[in-house]
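The values are calculated or read from the model by the stated rules, or taken from the named source; none is laboratory data. Just so it is clear, the model here is predicted, and its values are computed rather than measured. Cβ coordinates were reconstructed from backbone atoms using ideal geometry, including for glycine residues, and neighbour counts include every protein chain displayed.
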């Protein structure tokens, strides 16, 4: 049997429980593609939560007490917790760890506590603007962070920003750790000679934090410089009416409100550029940006800001990263430059790894290979 076959066999034999703070459709899609037998316990639902898919993978909602009870009453080989710097999830994570370790001690078996970390925002940032009760709650929740951190056996970092932040705030982990960038593998259907029409696509929440208003402001400049350019707006949210209004008055703009995933992937496969001008917020920062990952898989050039945790990798591999997220002119010029780029989709996906970054992180934390 090949090494890959042995790894898959090992993953299938592992009882893996994964704690998500907020669950979304992409999480369930990844589980369906995985060789691991994973049970998902989640606390909240993301706006794109697919209840049918959640039921298909057996995901269940569990708060702090329920997570403790589940791990106390089930044999678990690997407990994957929400990352420690997600402060609101730390009490629940510690409860699950305590339950799992108690059961492991009683049953005389081992349990590994692992995490996948992509947080790139200091949890203390912006806390001064919170109401008094919320600040007190946050301080109490932060008390659980270090105990969770010290309970880990393995940690996979999905971005260099996350690794830098964790080691600055909590110290260098004295456990097995790896940096495995959260990158996809290439779409195998992309041909060497494939070319794309001058289409810019926005995918995600039509909101200020995702830079949607900045894109709308930049679009007239882009269209004036590149008259054949088209704009595709995919998503939903507060800015949906603005998206529809632009689509109604500009025939070069196509709007798709909350379309099925199959159509999203089809549109990305036709796009030359993905625009995601993520903006800083007091209590939030773009950790990775799922639209970036999905667009890279389809061979799109990326135009984004330095807020994403993948900024360093993107800049190193010829994509446009805007240093000042508020720079609308910079966004417009980056889009124009990307539309004029001669890079083909095949050249873009050639930079991607052989294994999906999240899947590779899962493989590593589940099988505990000797790879350092």
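Applying the condition of being crowded, with 18+ Cβ neighbours inside 10 Å and at pLDDT 75 or above to the range 1-20 and asking which residue is farthest from residue 62 (Cα to Cα) yields 16.
Considering 218, 252, the condition of being surrounded by fewer than 19 Cβ atoms within 10 Å (Cβ to Cβ), touching a helix residue (DSSP H, G or I) at 6+ places or on another chain (Cβ under 9 Å), touching a residue at least 12 places away in the same chain (Cβ under 8 Å) and more than 24 Å from residue 47 (Cα to Cα) is satisfied by 252 alone.
Conditions (1) surrounded by 19 or more Cβ atoms within 10 Å (Cβ to Cβ); (2) in a helix (DSSP H, G or I); (3) assigned by TED's automatic domain parsing to the domain that holds residue 138, marked per residue:
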residue: 241; (1), (2), (3): no, yes, no
residue: 245; (1), (2), (3): no, yes, no
residue: 266; (1), (2), (3): no, yes, no
residue: 274; (1), (2), (3): yes, no, no
residue: 287; (1), (2), (3): yes, no, no
residue: 292; (1), (2), (3): yes, yes, no
residue: 299; (1), (2), (3): yes, no, no
residue: 326; (1), (2), (3): no, no, no
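What are the pairs with Cβ atoms under 7 angstrom where one residue, in the range 59-82, is in contact (Cβ under 8 Å) with a residue 24 or more places away in the chain and the other, located anywhere, is surrounded by fewer than 24 Cβ atoms within 10 Å (Cβ to Cβ) and assigned to a loop (DSSP other than H, G, I, E, B)? Sequence gap at least six, or different chains. Sorted first by the residue in the range 59-82, then by its partner, the pairs are 70/62; 75/109; 76/111; 77/14; 77/111; 78/14; 79/111.
Residues checked against (1) buried (at least 20 other Cβ atoms within 10 Å of the Cβ); (2) touching a residue at least 24 places away in the same chain (Cβ under 8 Å); (3) touching a strand residue (DSSP E or B) at 6+ places or on another chain (Cβ under 6 Å); (4) more than 25 Å from residue 345 (Cα to Cα):
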{"site": "170", "(1), (2), (3), (4)": "no, yes, no, yes"}
{"site": "178", "(1), (2), (3), (4)": "no, yes, yes, yes"}
{"site": "187", "(1), (2), (3), (4)": "no, yes, no, no"}
{"site": "194", "(1), (2), (3), (4)": "no, yes, no, no"}
{"site": "201", "(1), (2), (3), (4)": "yes, yes, yes, no"}
{"site": "207", "(1), (2), (3), (4)": "no, yes, no, yes"}
{"site": "212", "(1), (2), (3), (4)": "yes, yes, no, no"}
{"site": "229", "(1), (2), (3), (4)": "yes, yes, no, no"}
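Listed by first and then second residue, the pairs with beta-carbon distance under 6 Å, at least 6 apart or on different chains, first residue in the range 317-344 and in contact (Cβ under 8 Å) with a residue 24 or more places away in the chain, second part of a helix (DSSP H, G or I) and surrounded by fewer than 20 Cβ atoms within 10 Å (Cβ to Cβ), are 322/330; 328/217; 332/221; 336/225. Of all residues in the range 74-96, those satisfying the criterion of being assigned to a helix (DSSP H, G or I) and in contact with a helix residue (DSSP H, G or I) (Cβ under 7 Å, 6 or more places away or on another chain) are 87, 88, 90, 91, 92, 93, 94, 95, 96.
Each residue in the range 244-254 was checked for being touching a strand residue (DSSP E or B) at 6+ places or on another chain (Cβ under 7 Å) and closer than 16 Å to residue 223 by Cα, and 5 pass.
In this structure, residue 347 does not satisfy being in contact (Cβ under 8 Å) with a residue 60 or more places away in the chain, in a helix (DSSP H, G or I) and over 30 Å from residue 131 (Cβ atoms).
Against the criterion of being outside the structural domain of residue 260 (by TED's automatic domain parsing), crowded, with 17+ Cβ neighbours inside 10 Å, under 26 Å from residue 287 (Cβ atoms) and at pLDDT 95 or above, residue 79 qualifies. Filtered by the rule that a residue be surrounded by fewer than 24 Cβ atoms within 10 Å (Cβ to Cβ) and assigned to a loop (DSSP other than H, G, I, E, B), the range 276-285 gives 279, 280, 282, 283, 285.
Report yes if residue 348 is farther than 25 Å from residue 164 by Cα and either surrounded by 20 or more Cβ atoms within 10 Å (Cβ to Cβ) or at pLDDT 95 or above (or both), otherwise no. Criteria met by residue 348.
So that you can scan it fast, the table gives a plain yes or no per residue for (1) assigned to a loop (DSSP other than H, G, I, E, B); (2) touching a strand residue (DSSP E or B) at 6+ places or on another chain (Cβ under 7 Å):
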site	(1), (2)
256	no, yes
304	no, yes
307	yes, no
355	yes, no
362	no, no
365	no, yes
